[in-house]
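The values are calculated or read from the model by the stated rules, or taken from the named source; none is laboratory data. Note that the structure is a prediction, hence the values are computed from the model and not measured. We place every Cβ from the backbone using ideal geometry, glycine too, and count neighbours over all the protein chains shown. The protein model used for the area step is the full one, side chains on, heavy atoms only, and it has no ligands, DNA or RNA in it. Shrake-Rupley method; radii C 1.70, N 1.55, O 1.52, S 1.80 Å.
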Amino acid sequence: MAKVKLTVNGRAVSGDCEERTLLVHFIREKLGLTGTHVGCDTTQCGACVVHLDGKSVKSCTILAVQASGSSVMTIEGLAANGELHPVQAAFKEHHGLQCGFCTPGMVMASVDMINRHGGHLDEETVRHELEGNICRCTGYHNIVKAVLSANAEMHGGAKQAAE
Ligand code: FES
Ligand code: FES
């Protein structure tokens, strides 16, 4: 067994787990934060994306012990003061989800994408960046619209890019 200490959504947490425990399973099973989903366990679908020290990672690709000492943000930590994060609000407004299974990973990946590109995002870049996030429902069109709209909202860019 190994001791894992993390800051998760701003709160210090710790717990024991087997050395082989994946971060996603630690988050879901030890911490009860089930918004982070497991779609494949093999680094393909992106349903498990969280932020690790501010960068998006597939939490099924790293061990909980490897993340120990780091800061993790999950989908549960994104809304602030009862308000949806602009990316969450844009997914809602533009119908960027159907069953919702992929949505937490899509949203976390999109927040990181928007932060990294500092407002300079176009459709091609969004589609390229989301290649590691699989959605079986939406056809991606409304997801891309939502990301571009959130990007405009967060960076004051040309909103027509999303329309
Ligand atoms: S569960 Fe991690 S990529 Fe699919
Ligand atoms: S909304 Fe169903 S998998 Fe994406």
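So which strands (runs of 3 or more DSSP E) are wholly in the stretch 41-80 and hold at least 1 residues that are more than 21 Å from I134 (Cβ to Cβ)?
Output list reads 71-73.
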Notebook entry, point to check: Of the residues that make up the stretch 10-23, is at least one in contact with a strand residue (DSSP E or B) (Cβ under 7 Å, 6 or more places away or on another chain), under 22 Å from N133 (Cβ atoms), part of a loop (DSSP other than H, G, I, E, B) and open to solvent by 50 Å² or more (accessible area, probe 1.4 Å)?
Noted result: no
Notebook entry, point to check: If you take the residues in the stretch 93-112 that are more than 9 Å from ligand 2 (Cβ to nearest atom) and either in the same structural domain as G46 (by TED's automatic domain parsing) or over 16 Å from E131 (Cβ atoms) (or both), which one is surrounded by the most Cβ atoms within 10 Å (Cβ to Cβ)?
Noted result: V107
Check: Which condition number does R28 fail, the rest of (1) away from ligand 1 (no atom under 14 Å from the Cβ); (2) more than 13 Å from the chain's Cα centre (by Cα); (3) not hydrophobic (A, V, I, L, M, F, W, C) being met?
Finding: (1)
Next item on the list: Considering each residue of the stretch 113-149, count those that are in contact (Cβ under 8 Å) with a residue 40 or more places away in the chain and exposed (fewer than 13 other Cβ atoms within 10 Å of the Cβ), and give that number.
Entry: 0
Next item on the list: Report whether or not V147 is closer than 22 Å to G54 by Cβ, touching an Asp or Glu at 6+ places or on another chain (Cβ under 9 Å) and modelled with pLDDT of 95 or more.
Entry: yes
